[in-house]
1. With a/c under 1.5 counting as rounded, go ahead and sort region 28-103 into rounded, prolate or oblate using the C-alpha gyration tensor (a ≥ b ≥ c being the square roots of the eigenvalues; past the cut-off, prolate if a/b is larger than b/c, else oblate).
2. Hand me the chymotrypsin sites (Phe, Trp or Tyr not before Pro) from region 22-122 located in a DSSP loop with no more than 16 other Cβ atoms within 10 Å, in residue order please.
3. Would you mind counting up the charge near E44? Only other residues with Cβ under 11 Å from its Cβ, with Lys and Arg at +1 and Asp and Glu at -1.
4. Looking at region 1-55, which GluC sites (Glu not before Pro) are DSSP coil and have at most 12 other C-beta atoms within 10 Å of their C-beta?
5. Could you pull the Cα extents of the chain along its three principal axes, largest to smallest, in whole Å?
6. Can you give the net charge of the other residues whose Cβ lies under 13 Å from the Cβ of W92, counting K and R as +1 and D and E as -1?
7. DSSP beta bridges in the chain, what fraction antiparallel, as a percent rounded to 5?
8. List the aspartates and glutamates whose Cα sits under 19 Å from the Cα of K63, skipping any in the same chain fewer than 8 residues away.
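What follows draws every value from the coordinates through simple rules; no lab data is involved. These numbers come from a predicted model, not from an experiment. Glycine gets a Cβ as well: all are built from the backbone with ideal geometry, and neighbour counts include every protein chain shown.
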Amino acid sequence: MSILLVVACALIDADGRILIAQRPEGKGMAGLWEFPGGKVEAGESPEATLIRELDEELGIAVKPACLAPLTFASFAYEKFHLLMPLYVCRRWDGLVVAKEHAALRWVRPQNLRDFPMPPADEPLIPALLDLLGGPSA
């Protein structure tokens, strides 16, 4: 089984809310909510991937120093194994807009489980709750 390296980012606003994005129609797992990010291309670092993806998906500019690794998910889908580091970012330039997603939502950490997510995103929630002071159970 091949390993797919995908990187995700928890953008955290000044009120301690986390941005989640809804996968658009026509994509796998359409309608589910995820942390923004994307596939790491050959020769690209996870940080470079996030900088590129956050610009393409949300129209924001992020500096490498503003990306802090928090945790990762390792999940076996039917056709591949997903390895997904999660970074936290609290500073960026520009206004967040949905350029590729069906919708965006700023969500309190304790409410993340109210939104259906791909199975690989769910294990990332406890680390965010620990970081931001929410119940992790």
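1. On the way: a/c = 1.84, a/b = 1.26, b/c = 1.46.
Here region 28-103 falls in the oblate category.
2. Qualifying residues, ordered by number: Y77.
3. With Lys, Arg at +1 and Asp, Glu at -1, the net is -1.
4. E25, E41
5. 41, 33, 28
6. Values: positive: K63, R90, R91; negative: D13, E53, D55, E57, D93.
Result for the local shell: -2.
7. On the way: 21 of 29 bridges.
Counting DSSP beta bridges with both partners in the chain, the antiparallel share is about 70 percent.
8. D13, E41, E44, E47, E53, D55, D93
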